[in-house]
Number of protein chains: 2
Amino acid sequence: MLGSVVLAGKGYVDFSSVKGSTIKETIYMSTQKMFTPVQIGRAGEDIALQLEAAILEEKIVPGERLPSERELQAQFQCGRGVIREAIRALRQKGLVEIRKGAKGGAYIKQVEVATVSESLALFLKQQHIGTDHIAEFRESIDRVITVLAIARAGMAEKKDLVKEAEKLLKMAGQSQPDKETLSRLDRKLNIQLAKMSKNPVFEWVMDAIQHGFSSNDYALYEDSEYRLKTAENWCETARHIVENDPTRALNSISAHYTLLQRCVAARASGVAGSAEEEAFG
Amino acid sequence: MLGSVVLAGKGYVDFSSVKGSTIKETIYMSTQKMFTPVQIGRAGEDIALQLEAAILEEKIVPGERLPSERELQAQFQCGRGVIREAIRALRQKGLVEIRKGAKGGAYIKQVEVATVSESLALFLKQQHIGTDHIAEFRESIDRVITVLAIARAGMAEKKDLVKEAEKLLKMAGQSQPDKETLSRLDRKLNIQLAKMSKNPVFEWVMDAIQHGFSSNDYALYEDSEYRLKTAENWCETARHIVENDPTRALNSISAHYTLLQRCVAARASGVAGSAEEEAFG
DNA sequence: TGGTTAGTTTGGTAGGGCCATTGTTTGGAT
DNA sequence: ATCCAAACAATGGCCCTACCAAACTAACCA
């Protein structure tokens with residue numbers, strides 16, 4: 001029993017290596033193995049790593065839960081605070097979801113893209129990335145996605161894309177459209193297109209980028225002129241995809257980003273005041 | 001003084017809103033403001049968010065440090081455990097680095113790409129992504145990077161790329177090359193090329209992808225045949241970049257990924273045994 | 001039958017104490 | 001005066017105990 005953990009009545013997971021990686025043990029080891037970096041002051045981290053490994057090796061699968069903090073405390077022979085920190089680390093990584101109360105605890109779950117997006121957004125925010133760099137990256141991704149989508153997606157999907165784009169156009173044409181809804185539709189279109197590439201990596205990257213910089217797209221729908229043009233551009237792109245015309249589709253994509261570029265430039269140069277006012281009206 | 005935090009003798013940061021978000025205060029508040037959702041069970045998170053906001057707004061800049069845990073505990077009027085959890089969350093996000101001892105504490109630092117990479121790698125790992133999907137994404141990125149590099153990088157950089165590629169080739173030609181070193185060189189080449197695109201986003205994405213899947217590249221250097229071919233392919237690519245010949249450069253890139261694909265297929269089909277043995281020799 | 005209440009499990013928080021580490025200061029020996 | 005070692009102080013890491021709050025369970029009563 002020692003060194004293993006009862007998994008909510010489901011079975012056992014071997015954490016026998018834990019005792020050997022305790023702080024004091026490591027120090028003793030260092031007198032034998034020379035130049036072995038003594039990983040001190042990180043017992044909690046050690047536990048987190050072991051739990052993470054157990055999860056990644058699918059010894060515990062999504063839907064199941066880790067033992068309670070008090071149980072783990074007993075199994076790992078350490079204070080509850082350490083266990084808490086370890087679990088919180090897993091939670092921050094998106095590996096578990098913590099619930100309170102009876103039948104509560106750390107439930108294993110699939111890592112969501114949003115977790116990666118958050119991390120990315122934080123990074124980009126702190127690095128003061130210019131919108132032009134982001135836009136350039138996004139455009140290049142969009143182009144690849146478009147080509148792949150034309151080659152791989154079924155006609156039904158393609159037609160559905162047109163339908164959604166027309167929905168966006170219709171909404172953009174209204175006199176007082178809800179900008180947030182427009183943004184959401186735009187985002188949805190992007191993801192829908194990304195899905196059609198049949199490569200989840202593109203879908204996730206697109207998702208992450210959008211999460212990190214939704215404010216840009218939002219700006220595009222502030223101005224009624226750009227709003228309509230953008231929606232029309234989406235329809236055009238979708239039509240070219242249905243027609244299996246990569247060249248024209250790519251041209252549309254380029255036009256989209258030219259629009260975006262012009263739009264942010266215009267807003268930055270002076271119209272920002274009135275636009276800002278409109279945003280809070 | 002109340003509601004603000006002394007910043008290691010540098011100044012003050014206003015955390016006045018914190019008192020209002022303390023558990024007990026919130027409960028008291030709820031008797032006044034009706035239907036105000038009592039956000040209980042998240043005090044630590046609340047504090048983490050406030051500290052994070054202060055960092056992102058650059059009220060505290062990299063190099064400086066947060067007050068000690070005990071100070072924060074006093075300022076925020078809560079237990080030390082809560083403060084610890086908040087700080088650990090920041091640390092996990094890569095926003096601070098924690099040092100022990102005198103003059104220790106949570107030092108603000110720039111978020112590193114590695115943080116995002118880790119998050120991404122974890123996600124990809126848990127989703128069981130096929131290497132083909134990753135490779136496809138990476139190839140598309142590589143192609144864009146190459147075109148941008150040809151257009152934007154200076155001749156000196158381009159020639160340096162060739163030099164590094166030749167270094168790789170020379171090492172790959174040795175009878176008993178160190179595969180780890182080869183992998184590292186390959187990685188370095190990729191990043192170097194990405195830098196030449198003059199768009200940091202590409203650089204980071206490449207970095208993140210590589211961190212998440214270094215094992216693939218590693219495999220490429222296991223087999224002596226692929227090892228040489230890959231190195232030669234790198235040289236070819238670099239030469240075409242120097243010659244400002246995008247078409248041929250892109251062809252080289254495609255060839256690289258064809259090689260990779262063939263290599264992993266070969267290893268998967270049967271040669272895995274001997275290769276595995278060689279790896280641990 | 002149906003709703004209410006008490007009990008149990010489990011995370012959330014408080015607060016105190018001790019240890020290990022590390023930068024600084026001090027004091028003694030040369 | 002210089003240098004080195006020992007004491008000191010600040011600070012994170014860890015432990016412990018107690019209590020609260022939420023959420024599920026089961027017993028109980030109308």
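In the set (1) modelled with pLDDT under 95; (2) β-branched (Val, Ile, Thr); (3) within 22 Å of A:Gln126 (Cβ to Cβ), B:Ile40 fails one condition alone, (3).
You will find that of A:Lys163, A:Lys125, A:Lys109, the residue that is at pLDDT 95 or above and away from DNA strand D (no atom under 16 Å from the Cβ) is A:Lys163 and no other. Within the stretch B:118-130, being more than 9 Å from chain A (Cβ to nearest Cβ) and part of a helix (DSSP H, G or I) holds for one residue alone: B:Ala121. Please work out if A:Lys59 is in a helix (DSSP H, G or I), of a type outside the set (Gly, Ala, Ser) and away from DNA strand D (no atom under 15 Å from the Cβ). So A:Lys59 fails the test.
Of all residues in the stretch B:62-103, exactly one satisfies the criterion of being touching a Phe, Trp or Tyr at 6+ places or on another chain (Cβ under 7 Å) and near DNA strand D (Cβ under 7 Å from one of its atoms), namely B:Arg99. Only residues that are away from DNA strand D (no atom under 12 Å from the Cβ) and closer than 17 Å to A:Arg88 by Cβ: list them for the stretch A:41-53, please. Residues satisfying the conditions are A:Leu49, A:Gln50, A:Leu51, A:Glu52. Out of all the residues in the stretch A:136-151, which are within 17 Å of B:Ile134 (Cα to Cα) and of a type in the set (Asp, Glu)? Result: A:Asp142, single match.
Would you say B:Pro67 is more than 10 Å from every other protein chain (Cβ to nearest Cβ) and either at positive phi or away from DNA strand C (no atom under 12 Å from the Cβ) (or both)? Spelling it out, B:Pro67 is indeed more than 10 Å from every other protein chain (Cβ to nearest Cβ) and either at positive phi or away from DNA strand C (no atom under 12 Å from the Cβ) (or both). Of the helices (runs of 4 or more DSSP H) lying entirely inside the stretch B:179-243, those containing at least 2 residues that are among the aromatic types (Phe, Trp, Tyr) span B:200-212, B:224-242. Residues that are β-branched (Val, Ile, Thr) and more than 9 Å from DNA strand C (Cβ to nearest atom) were ranked within the stretch B:70-103; the one that is farthest from the other protein chains (Cβ to nearest Cβ) is B:Val96. If the condition is being more than 14 Å from chain B (Cβ to nearest Cβ), assigned to a helix (DSSP H, G or I) and either free of Cβ contacts under 8 Å to residues at least 24 places away in the same chain or among the charged types (D, E, K, R) (or both), then the stretch A:131-170 contributes A:Ala156, A:Glu157, A:Lys158, A:Lys159, A:Asp160, A:Lys163, A:Glu164, A:Glu166, A:Lys167, A:Lys170.
The values are calculated or read from the model by the stated rules, or taken from the named source; none is laboratory data. Remember, predicted model here, so these are calculated numbers, not experimental data. Positions of Cβ are generated from backbone atoms using ideal geometry, with glycine treated the same way; all protein chains shown enter the neighbour counts.
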